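So the structure is just underneath, and the comments pick up after that.
The values are calculated or read from the model by the stated rules, or taken from the named source; none is laboratory data. As the structure is a computational prediction, the values presented were derived from the model and not from experiment. Cβ sites come from the backbone with ideal geometry, for glycine too, and all protein chains shown count toward neighbours.
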Ligand code: EPS
């Protein structure tokens, strides 16, 4: 069973992570984890904080000479920006955890709430996800992502517009992770306008998971459904307001005779589909096609031109406190979403092929492949 915990505050000393359930004898390349951390830091529209941080992971336990032992893997990332950048947290920001959190945890102000609610924590999830990506790559599973909209500016390239013929590596060449360079240019101008005018921008990300075998996840119980697992992991990323699998919400526009992926069979391919509107999951089970996930992020609530709120001591109307923040973090969301996808798929993968060592998991996987090849 794969599970993880994180700890740490946005401007505290360190972020901490514990990942349990990765089998023994998997070689971990720390350089790859650091590379994934650097991908998360690159987005156009991020705050100056990204110029201060240079995220690097330390692996403190669970490895023997770079190889997993099966014991919990514990990870540390240092925060370089220490101490908060505001000391007046009496005016909670609409849209943040501030007000509900300070009441729930009986705090004098919002400081301790926002310090933990901050998306800084996703740096650790990215590191944990990178280990899961290394694990999945042993079975040929690969995860890609790109930004398909910033605010209402849409990319002309997405899985369905392009019928999966996308060179995802191009997303890594764009600081907005947008493959459509015309859309990227307009989106950057809009972000610049956000900086000038003091507003923030949301957007949408597409995540594609390739080579997941048939049979991950299950229809037999609600919490084993793969789409449900993926949805929870995506929705848990700060700012995410919607998760779609496959065609998602636009599927309602199709009549039932056109909204399903017809089944074909050939000697060399076995069962196959000519379309993938379902996004690779049917009945909560992976069907062997690409898994397609889209997530929508709201504009970050911290505004440089603050919104109305109430001072929690005087109860008088005032303006929310402001602090350094991102104008647009959608490009970084794309990398965090890859990590969360890697964690959810690893979890469901281990539920199916469980084993304590990589050798055991591989034996189970190959046995199953031999079986499915004959179906
Ligand atoms: C965040 C606010 C900003 C972001 C931060 C998330 O931090 P600061 O208040 O220090 O400027 O930069 O994101 C990160 C530090 C990160 O590593 O992603 C927030 O309020 O959520």
Which is at negative phi and without any contact (Cβ under 8 Å) to a residue 60 or more places away in the chain, of 269, 308? 269
Given the structure, is residue 322 in a loop (DSSP other than H, G, I, E, B) and either free of Cβ contacts under 8 Å to residues at least 24 places away in the same chain or touching a strand residue (DSSP E or B) at 6+ places or on another chain (Cβ under 6 Å) (or both)? no
List the residue pairs whose Cβ atoms are under 9 Å apart, where the first residue sits in segment 72-84 and is over 19 Å from residue 3 (Cβ atoms), the second is in a strand (DSSP E or B) and at pLDDT below 95, and the two are 6 or more positions apart or on different chains. none
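Which fully enclosed strands (runs of 3 or more DSSP E) of segment 203-272 have 3 or more residues being loosely packed, with under 15 Cβ neighbours inside 10 Å?
Details: elements: 203-210, 240-245, 263-266.
It comes to 263-266.
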Of the residues that make up segment 280-290, is at least one free of Cβ contacts under 8 Å to residues at least 12 places away in the same chain and in a loop (DSSP other than H, G, I, E, B)? no
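Restricting to segment 16-35, count the residues that are part of a helix (DSSP H, G or I) and crowded, with 22+ Cβ neighbours inside 10 Å. Walk me through how you get there before you give the answer.
The initial filter retains those residues of segment 16-35 that are part of a helix (DSSP H, G or I), namely 30-35.
With the extra rule that they be crowded, with 22+ Cβ neighbours inside 10 Å, the set shrinks to 33.
Result for segment 16-35: 1.
Can you tell me which residues in segment 81-95 are out of contact with any helix residue (DSSP H, G or I) (no Cβ under 6 Å at 6 or more places or on another chain) and either modelled with pLDDT of 75 or more or more than 9 Å from the ligand (Cβ to nearest atom) (or both)? Give the derivation first.
Narrowing segment 81-95 to residues out of contact with any helix residue (DSSP H, G or I) (no Cβ under 6 Å at 6 or more places or on another chain): 82-88, 90-91, 93-95.
82, 83, 87, 88, 90, 91, 93, 94, 95, listed by residue number.
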Select, from 284, 355, the only residue that is surrounded by fewer than 18 Cβ atoms within 10 Å (Cβ to Cβ), farther than 30 Å from residue 192 by Cβ and more than 16 Å from the ligand (Cβ to nearest atom). 355
Among (1) under 22 Å from residue 324 (Cβ atoms); (2) more than 16 Å from the ligand (Cβ to nearest atom), where does residue 22 come up short? (1)
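Tell me the residue from 152, 88, 158 that is touching a residue at least 40 places away in the same chain (Cβ under 8 Å) and loosely packed, with under 15 Cβ neighbours inside 10 Å, please. Walk me through it before giving the result.
Details: 152 fails: touching a residue at least 40 places away in the same chain (Cβ under 8 Å); 158 fails: loosely packed, with under 15 Cβ neighbours inside 10 Å.
Within the list 152, 88, 158, the selection yields 88.
Return yes or no: is residue 201 modelled with pLDDT of 95 or more and under 19 Å from residue 337 (Cβ atoms)? Quick ask: steps written out before the conclusion?
Working: modelled with pLDDT of 95 or more: yes; under 19 Å from residue 337 (Cβ atoms): yes.
Judged against the criteria, residue 201 is a match.
Which members of segment 161-177 meet the condition of being within 27 Å of residue 77 (Cβ to Cβ) and either crowded, with 20+ Cβ neighbours inside 10 Å or out of contact with any strand residue (DSSP E or B) (no Cβ under 7 Å at 6 or more places or on another chain) (or both)?
Keep residues of segment 161-177 that are within 27 Å of residue 77 (Cβ to Cβ), which gives 168-169, 171-177.
Within segment 161-177, 169, 171, 172, 173, 174, 175, 176, 177 meet the criteria.
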Using beta carbons and a limit of 6 Å, which pairs, at least six apart or on different chains, have the first residue in segment 42-64 and free of Cβ contacts under 8 Å to residues at least 40 places away in the same chain and the second one assigned to a strand (DSSP E or B) and more than 8 Å from the ligand (Cβ to nearest atom)? 58/76; 59/75; 60/74; 60/76; 61/74
Specify which of the listed residues (42, 111) is within 15 Å of the ligand (Cβ to nearest atom), surrounded by 15 or more Cβ atoms within 10 Å (Cβ to Cβ) and within 28 Å of residue 184 (Cβ to Cβ). 42
